[in-house]
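S.K.: One structure is given below, represented as structure tokens, and several questions about it will come after.
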Amino acid sequence: MSKSHSLLLFSTDCDITSITSPSASNLYIKWTSFPGATNYALDLRVVNNPAISPVTLDLTATTTERLVQGLRPGSQYQVTFKVYQFYYVLCISYKIALTVPAASQLTFARAASSTSASFQWTNVSGADSYVLMVEGTFHSEHRNLTFSTLSGDMPGLQPASTYSCYVYSSNAAGLGTKSNVKTINTLVPPPASVTVAMVSNSAVRVTWPSVSGVVLYQVSLVENNRIGVAPLAWNTSALALNIPNLKPCTNYTVRVSSMNMFLQPGEPVTASYASSPITSVTSISADYSCSHAMATVSWDSVPGATSYRAVATARDGTTLSCQTAGTSCQISALGCGEQYTVRIASVAECESVSNISYTFETAPCPPKNPEVYHECLSNVVIFSWNATNNTAYYIAMSVDADGVTSECLTLYNSCYFTQTECGRSYNFTVTSVYAGTDSCSSGSTAPVTISTAPCLPQSVTTSAMDCLSDTLITRWDPAPGALRYFVEAHGNHDDSYNCTSNGTSCAMTNVKCGQSLSVWITAYNNRCATDIMLAEVAETVPCVPQQVSVSDTCGSFSVTLSWMTSNNAILYTAKAVLPDSSIRSCYTKDTWCEIKDLQCGQTYEVFVMSTNFICNSSDSQHFYAQTAPCAPVSVQAQMDCQLNTATVHWLGQQAGGSYTALLADGDGGVLNCSTSSNNCSVPNLRCGQTYNITVLQNLTQCNSLPSTSVMMPSVPCAPQQVVGVVNCSTGVMSVGWNSSAGGVNYTAAVWSGSGAQVYCNTSDTHCNVGQLDCGKVYSVAVLAARGTCQSPPSQLITVEQVPCVPTGVSVSRGCGTGSVGVSWSFTAGAHSYTALAVRSDGQSSQCTSAGTNCSIANLTCGQVYSVGVVASSNNNCSSQISQTVLLHTEPCTPAGVSALVNCSSSTASLLWALSPNAVHYTGTLRSSGDLKTCNVSAAGCQISGLLCGQHYSFTVSASDVSCSSTPSAPIQLDTAPCATQNVSTTLACGSNALTVSWSLAAASLSYVASAVWSGGTALSCSSQDTSCSMQGLQCGQRYNVTVTASNGNCSGPASPVTTVHTAPCVPQNVTGHAACGSGYPWWRPGLGPWGPAATLLLYQLQAGSLRSV
């Protein structure tokens, strides 16, 4: 079903201006007039509770406000306001609104003290808070407090006052209806003070000032030192009380409380008293018993008294007396309503009347003319009577039908009974009470009977009778005290209904369909009526859906129904019924519904009904709908692989029309053929597809649904992405391809030139082909198959086989280059070659060439290499290595070279380490003036005949048959220096200091000059220059002087000897004799060294000096 709107605005122009809740069951809605509107619609739905029927109203265009009835208290509603122009919605506005809660009821109300009271009330759905109202009944006072709980206290009240109390439920929408009214009386405050005076050693008298309006007081006595012991208590209407039998020397607390008319004590006033020691004090007391109309009079003993007479005198002078020897006696036959004064006469030989007296009053007489007045709204009963003489207060009592009693104490001649219950009958009596220590009463009056207002009806429900009529039945539980009931209901279309009953139900007739009604009920007796009570919302039978339209959908075997909204409907049910009574249904909250899964080729009767889950409406107008024809059956398909054509067969279920076969592939492509017979063919199918084949029948008014599909595979597609890879080590070719659409099995064909083809078959996407010839180029193609259908061959590819192993490998070595040339013969299938030279430790060198030779560089000396060749193809496959050839590289330069010179023999000893691949070694000593060599196969040699004073450089090289290594790094050797040349001496005769000089042989030599005389003592000096000096030579000696040169390692031979004669020694023991006549001295040689050229010198002393002669 299609739905259209010509115009739809969500605009503030049609806003709801205000929504208020005047009561718990209605909302008052206002809006602005909308130009062009022909009518308005209001739709109110409880938020988040679809099970509750909506409340809908259709309103005229002149209306701008409406009070909507039949709503649920304390509930949140979504209010939808629609503006219509005939059937078109011009504008929609939404707003959320809240109804005020229903009324709560006070369940408990009682005074807690003289200034406060406690309350409890019922819970109300939808209430956020509760407003407690307390108003003075007989005085002007108003108090209120707001609570979120179901109980609370009201403080600050006036003592002994009567209050009318009620509660409002509240939420954001406002206050609910006022609750029932309960009346309370606050308690009476205590006396302002209390005085305790001693009467005797064992008795006190308690007095207090009066409290206005108080009839009875409660006096209690507490022993302070006895914690946990209950106090003694007395009730009295007097303002004084004697407490006897006090213990001596005891601390007491005396409490006095005021009691209200219901005998409820208020808060006390207290005083303390400490009892005195026992002393004899004369006193009189009387204990009046109202039940026996007598008084027991007591007194203290008086020393010397033999008897006592007690005399009671009435107001009129009448006396009564009793006499005894003890300290008490009883006076009987006392009259009611009298006041007696008692005096004690002590009797001995003479009689003495006491100066003190005791006065008491007897119980009053019963009151007259008791009457009651009942107030219906609050159920307060006012009970009154005539006053009686000598009455301290009155006790009024109520007794209901269940025997429950309630008392009221008052000083006055009336009582307010506020705790009465609804719907009950009460008997009231009153007794006059005397204000003595014994609460004596006059006896009760004859009972007066009255009935309170009826209670509110409970469990009130309203429903449509049998869901088939226009009658609503309201039912309720009997309300205590009710004699008759009145029910009224109000709808949203200015309609109202009512009924009256003496029982527990009544019927309202001629009720409109689709209504939500607010229902109220009131209970009556002969005097009173209850407050009008809101009951649950009543819902009438939903209206029959109107303006039903039908549209069928041939292809989906469904029919769609649409209709106008029915008032009070929550759910709609649309049904389609066949003549055999089989039913198809659909359910909706909207105003249209599609009934699906109808049978093909059928005529259905269709209609709509509405429901509110309580009642169903009647059927709407019935219509007829025709479904589409049934689909063909027994569909079959055959594939002609050679022609790539599919032929489809089927059986039709209905005569007439044509058929269309649809072939849908997995990629969304569709092929078809049409015919009026039961088969047709489709050519040019796509390869590798599985076709979903259906057939439908075409009639004039409608097409059938597609038949049950059958699946048919087409011819497989040719395999794609074919690749061939050769295993270089085994020569096996692996052929792979992408999975072929529709392919199940595959065949790979491999051939070279005109040679025989080799095949491999597999269901996988790869297979292996072996036993292929090396060095050949093979062609490869793949075919896919499924069943008997085979695909076209794949695109042809070529694959190179592993090249064959190279042959005829040879090597040629050059000296000093570190490289070797390798050559080989051409190999089939090879595009390049790699020559490898591998050492015994695994290290290798190689060269690559596209030809049949290359040179391997950077080979290591002194190694043995295995040299082979590998052929490679363009597919990165290499052949096995060829047969290898051994290669010995030239020997390495010897290492560990050392040399040692023998200085004395001028011989050099040369050493080195053996070098691999070496056959012999050549050692060379070279200086600027000499060259010497040795050729050996060992690791060392000796070279003799070295020249003195030479600086030799030593190297060694290794050689094999073809090549020699480079010489080793040179080692420097120095032979012993030659003999020093051109030695000369210079002697200083005066000091015998000798200077030796020579020619410089080399700048790096050091020299030592030695002087040796015949005695064997040697002197020496050293220098790196050409001379040195020696001191301390002996006089008159011959020294042999030589010079020796040294280079640090060796010393050379001494120079030729040079002889030096030192100066002669000074003559010793010289004597002189003058030769007379000649004038010359003479001498003899003394002992001592004379040199070989000694010279005699003569000196002549003349004039004190010597002169040579």
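S.K.: State, as an integer percentage, the relative contact order of region 912-985 based on alpha-carbon contacts under 8 Å between residues 6 or more apart.
M.R.: The normalised contact order for region 912-985 reaches 30 percent.
S.K.: If r is the Cβ-Cβ distance from Thr588 to Gln720 and R0 is 35 Å, what FRET efficiency results, to the nearest 0.05?
M.R.: 0.05
S.K.: Taking 0.36 nm per residue of separation and subtracting the Cα-Cα distance, what length does fully extending Thr603 through Asn251 add?
M.R.: Working: separation 352, 0.36 × 352 = 126.72 nm, distance 10.76 nm.
The Thr603-Asn251 span can extend by a further 116.0 nm.
S.K.: Would you mind working out the magnitude of the charge dipole of region 562-666 relative to its Cα centre, with +1 at each Lys and Arg C-beta and -1 at each Asp and Glu C-beta, to the nearest 20 Debye?
M.R.: 220
S.K.: Oh, and also: Hey, what do the phi angles of region 1058-1068 turn into as Karplus ³J(HN,Hα) couplings, whole Hz, using 6.51/-1.76/1.60 and θ = phi - 60°, x for Gly and Pro?
M.R.: 10, 9, 10, 9, 7, 5, x, 6, 5, x, 10
S.K.: Which shape class, rounded, prolate or oblate, goes with region 898-974 when its Cα gyration tensor gives a ≥ b ≥ c as root eigenvalues, a/c under 1.5 marks rounded, and past that a/b bigger than b/c marks prolate?
M.R.: The shape class here is prolate.
S.K.: Return the long-range amide H neighbours of Thr645 (sequence gap of 5 or more, or a different chain), with a cut-off of under 5 Å between placed amide H atoms.
M.R.: Asp640
S.K.: Whole Å is fine, so just give me how far the alpha carbon centre of region 458-483 lies from that of region 624-690.
M.R.: One Cα centre to the other: 67 Å.
S.K.: Say the dipole of the chain comes from +1 at the beta carbon of Lys and Arg and -1 at that of Asp and Glu; which of Ser272, Thr730, Thr1058 then lies farthest toward its positive end?
M.R.: Highest projection toward the positive end goes to Thr1058.
S.K.: Local charge sum around Gly337 (other residues, Cβ-Cβ under 14 Å, Lys/Arg +1, Asp/Glu -1)?
M.R.: Combined, the nearby Lys, Arg, Asp and Glu give -1.
S.K.: Still on this structure, I have one more. Looking at the chain only, what percent of DSSP beta bridges run antiparallel? Nearest 5 please.
M.R.: Roughly 100 percent of the beta bridges in the chain run antiparallel, per DSSP.
S.K.: Run down the aspartates and glutamates and flag those whose C-alpha is under 15 Å from the C-alpha of Lys776, throwing out any fewer than 8 positions away in its chain.
M.R.: Within reach: Glu800.
S.K.: Rounded to the nearest 0.05, what FRET efficiency do Ala895 and Val864 give with R0 = 25 Å and r taken as the Cβ-Cβ distance? Could you check?
M.R.: Numbers: r = 19 Å, r/R0 = 0.75.
Between Ala895 and Val864 the formula returns 0.85.
S.K.: Would you work out the charge dipole size for the chain about its Cα centre, treating the Cβ of every Lys and Arg as +1 and the Cβ of every Asp and Glu as -1, and quote it to the nearest 20 debye?
M.R.: My answer is approximately 4160 debye.
S.K.: If you compute Kirkwood radius over Cα pairs in Å for the structure shown, which of [x] 48.4; [y] 43.0; [z] 50.1 do you land on?
M.R.: Evaluating Kirkwood radius over Cα pairs in Å on these atoms matches [z].
S.K.: If you don't mind, there's one more thing I want to ask. Among Ala895, Ile583, Asn242, whose Cα sits farthest toward the positive end of the charge dipole of the chain (+1 at Cβ of Lys/Arg, -1 at Cβ of Asp/Glu, about the Cα centre)?
M.R.: Ala895
S.K.: Right, another one. So what J values fall out for region 868-882 if you push phi through Karplus, 6.51 cos²θ - 1.76 cosθ + 1.60 with θ = phi - 60°, rounded to Hz, Gly and Pro as x?
M.R.: x, 10, 10, 9, 10, 10, 6, 8, 6, 9, 10, 6, 5, 5, 6
S.K.: Given the options Gln697, Leu662, Thr560, identify the residue whose Cα lies farthest towards the positive end of the charge dipole of the chain (+1 on Cβ of Lys, Arg; -1 on Cβ of Asp, Glu).
M.R.: Farthest towards the positive pole: Leu662.
S.K.: Moving on to the next point. Calculate, in nm to one decimal, what Ser151 and Asn502 gain on full extension: separation in residues at 0.36 nm each, minus their alpha carbon distance.
M.R.: Separation in residues times 0.36 nm, less the Cα-Cα distance, equals 122.7 nm.
S.K.: Any idea what % of Cα-Cα pairs in region 862-906 are farther than 12 Å? Working shown, then result.
M.R.: Values: 756 of 990 pairs.
Tail of P(r) above 12 Å: 76 percent of Cα pairs.
S.K.: Equivalent ellipsoid semi-axes for region 984-1061, as square roots of 5 times the alpha carbon gyration tensor eigenvalues: give them largest first, rounded to whole Å. Mind showing how you got there, number by number?
M.R.: Numbers: eigenvalues 102, 32, 18 Å².
They are 23, 13, 10 Å, listed from largest to smallest.
S.K.: Taking the Cα centroid of region 912-936 and of region 74-129, what is the distance between the two, rounded to the nearest whole Å?
M.R.: Measuring centre to centre over Cα atoms gives 128 Å.
S.K.: Output wanted: per-residue J couplings in Hz (rounded whole) for region 321-330, from phi through Karplus 6.51 cos²θ - 1.76 cosθ + 1.60, θ = phi - 60°, x for Gly and Pro.
M.R.: Values per residue, Gly and Pro as x: 8, 8, 9, 7, 8, x, 10, 7, 7, 10 Hz.
S.K.: Evaluate region 371-451: find the radius of gyration of its Cα atoms, find its Kirkwood radius, and give the ratio Rg to Rh. Can you show the working numbers first?
M.R.: Details: Rg = 12.7 Å, Rh = 13.0 Å.
Here the Rg-to-Rh quotient is 0.98.
S.K.: Report, ordered by chain and residue number, the aspartates and glutamates lying within cross-link reach of Lys182, taken as a straight Cα distance under 17 Å and ignoring same-chain residues fewer than 8 apart.
M.R.: By straight Cα distance, Lys182 reaches Glu135, Glu141, Asp153, Glu375, Glu421, Asp531.
S.K.: In 10 Å bins starting at zero, report the fraction of Cα pairs in region 165-240 per bin as a rounded %.
M.R.: P(r) for region 165-240, in whole percents per bin: 14, 29, 21, 12, 14, 8, 2, 0.
S.K.: Let me ask another. Structure shown: which of Lys512/Lys596; Lys95/Lys575; Lys82/Lys512; Lys30/Lys512; Lys82/Lys575 lie over 27 Å apart, alpha-carbon to alpha-carbon?
M.R.: Table pairs above 27 Å Cα-Cα are Lys512/Lys596; Lys95/Lys575; Lys82/Lys575.
S.K.: Here is a further query. Quick one: divide the alpha-carbon radius of gyration of region 458-539 by 2.2 N^0.38 Å and tell me what you get. It would help to have the intermediate numbers written out before the result.
M.R.: Numbers: Rg = 12.4 Å, N = 82, 2.2 N^0.38 = 11.7 Å.
Cα Rg divided by the expected 2.2 N^0.38 Å: 1.05.
Read-outs: derived from the displayed coordinates by stated rules, not from any lab. Predicted model, so just to flag it, every value in this text is computed and none were measured. Reconstructed Cβ throughout: ideal geometry from the backbone, glycine too, with neighbour counts over all protein chains shown.
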